[in-house]
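Q: One structure follows; several queries about it will come next.
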Amino acid sequence: MKELPKVFISEPINPKGMEMLEGKVRVVIAPDTRKETARALIKDADAAILRATTIFDSDVIRDGARLKAIVRTGIGVDNVDLQCAGERGIYVCNTPGTNDETVAEHAVAMILAFAKQIMIMDHAVRTQNWKERFSASQVDIKNKKIGIIGYGNIGFATARFCVSLGMRVTAYDPFVIKAGEGVEMTDDLEALFKESDFVSLHCPSTPLTQKLINRKYLQLMKPGAYLINTSRGDLIDEDDLVHALKEKRIAGAALDVFSEEPLPAGSPLLEFSNIILSPHVAGSTKESNERIAVAAAQAVLDTLAGKTPRHICNMEYLSLVPKSAFFA
């Protein structure tokens, strides 16, 4: 009897995805996200499903001699060496469209939490500081200006939610010209930072965007403005952000992603009361996790069946590989 192909999964995925794989492949779930563990378990794997914290660099990929597909749950594929995978005839896929509105909802929740001072009000009740209700530190969202940096599917969804709340929305994306209804596109990033009450990041991690948000732009922000990041941690120079918070250059920041994850216990970001932190969960809900797992499992099954999977992210490198190499 022919042995079933092996699929390496870096962290557990939703049961719906597991059900799709059951009986068709042998699943091996890594006990941890260390590189050494991945290298040991990938040696005889035919495909891999990754979440955000497992790194598939050239070392890991080269150890996967039988790999045909690496599927990333979610959008970002910055934890995978796309070129190395492509040169070896390995598809790298992601699962776009499965959590666009989920991430946008999280960004808007952070905006509303700051506008309504939810954390401060919660603390006031717990510490018997009922007088906080007279502070009038809360603000209306309507007519506040939000600058959205990155106008892909998630940026677009965030803009749509903000427009529905009556916010004035400006978006910056050098690769997008046309905006949705109620959204103004700009090519002036400095003006966006100067004028916005909230700045929300929705960019991929690339050499052009890493540490894009640094002291230069943070110093342009209003003292009462907030920075929101549900995209990638390395978009922000965290040292510069800490400096801006210490100097009270900005009112606060809401971060779902960090330059190092998990966030170290000694991180200075933990010292500020005007920061909202969440553990890289903006795209994770019961519903979105099911959609993501189903899409990831389908990409694996399609590849192993000899079909071309959807949402290939390393096509520019695959185009240089002879077709016969894909299933050699």
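Q: Inside the stretch 20-53, can you point out the residues that are surrounded by 15 or more Cβ atoms within 10 Å (Cβ to Cβ), in a loop (DSSP other than H, G, I, E, B) and in contact (Cβ under 8 Å) with a residue 40 or more places away in the chain?
A: Lys24, Val25, Asp46, Arg51, Ala52
Q: Of the numbered conditions (1) more than 25 Å from Met121 (Cβ to Cβ); (2) assigned to a loop (DSSP other than H, G, I, E, B); (3) modelled with pLDDT of 95 or more, Asn289 fails exactly one; give the number of that condition.
A: Unmet for Asn289, out of (1) more than 25 Å from Met121 (Cβ to Cβ); (2) assigned to a loop (DSSP other than H, G, I, E, B); (3) modelled with pLDDT of 95 or more: (2).
Q: Just for the stretch 272-283: of the residues that are touching a residue at least 40 places away in the same chain (Cβ under 8 Å) and in contact with a Gly (Cβ under 9 Å, 6 or more places away or on another chain), which one is surrounded by the most Cβ atoms within 10 Å (Cβ to Cβ)?
A: Of everything passing the filter in the stretch 272-283, Gly283 is surrounded by the most Cβ atoms within 10 Å (Cβ to Cβ).
Q: Of the residues that make up the stretch 172-180, is at least one crowded, with 20+ Cβ neighbours inside 10 Å and within 25 Å of Gly283 (Cβ to Cβ)?
A: yes
Q: Restricting to the stretch 209-237, name every residue that is more than 13 Å from the chain's Cα centre (by Cα), crowded, with 20+ Cβ neighbours inside 10 Å and farther than 18 Å from Leu189 by Cα.
A: None - no residue of the stretch 209-237 is more than 13 Å from the chain's Cα centre (by Cα), crowded, with 20+ Cβ neighbours inside 10 Å and farther than 18 Å from Leu189 by Cα, so the list stays empty.
Q: Name every residue in the stretch 98-128 that is hydroxyl-bearing (Ser, Thr, Tyr) and outside any loop (DSSP other than H, G, I, E, B), in order of residue number.
A: The one that is hydroxyl-bearing (Ser, Thr, Tyr) and outside any loop (DSSP other than H, G, I, E, B): Thr102.
Q: Out of the residues in the stretch 54-77 that are of a type in the set (Asp, Glu) and either more than 22 Å from the chain's Cα centre (by Cα) or more than 15 Å from Thr33 (Cβ to Cβ) (or both), state the one that is surrounded by the most Cβ atoms within 10 Å (Cβ to Cβ).
A: Once the filter is applied, the top-ranked residue is Asp63.
Q: Test Val294 against the criterion of being under 25 Å from Val27 (Cβ atoms) and out of contact with any helix residue (DSSP H, G or I) (no Cβ under 7 Å at 6 or more places or on another chain), and give yes or no.
A: no
Q: Scan the stretch 308-328 and report the pairs whose first residue is under 20 Å from Ala297 (Cα atoms) and whose second residue is hydroxyl-bearing (Ser, Thr, Tyr) and at pLDDT 95 or above, with Cβ atoms within less than 6 Å and a gap of 6+ or a chain change.
A: Close Cβ pairs satisfying both conditions: Pro309/Tyr91; Pro309/Thr303; Ile312/Tyr91.
Q: Take the residues in the stretch 1-19 that are over 25 Å from the mean Cα position of the chain (by Cα) and surrounded by 15 or more Cβ atoms within 10 Å (Cβ to Cβ); name whichever of them is nearest to Gly64 (Cα to Cα).
A: Our first condition is that a residue be over 25 Å from the mean Cα position of the chain (by Cα); within the stretch 1-19, this holds for 1-6, 19.
Imposing the further condition that a residue be surrounded by 15 or more Cβ atoms within 10 Å (Cβ to Cβ) reduces the set to 5-6.
On the way: Pro5: 13, Lys6: 11 Å.
Taking the candidates together, the pick is Lys6.
Q: Condition test on Leu255, is it of a type in the set (A, V, I, L, M, F, W, C), in the same structural domain as Ala115 (by TED's automatic domain parsing) and surrounded by fewer than 17 Cβ atoms within 10 Å (Cβ to Cβ)?
A: In short, no.
Q: Kindly indicate whether Asp100 is in contact (Cβ under 8 Å) with a residue 24 or more places away in the chain, charged (D, E, K, R), closer than 26 Å to Leu227 by Cβ and surrounded by 20 or more Cβ atoms within 10 Å (Cβ to Cβ).
A: Yes.
The values are calculated or read from the model by the stated rules, or taken from the named source; none is laboratory data. Note that this is a predicted model, so its numbers are computed, not measured. We place every Cβ from the backbone using ideal geometry, glycine too, and count neighbours over all the protein chains shown.
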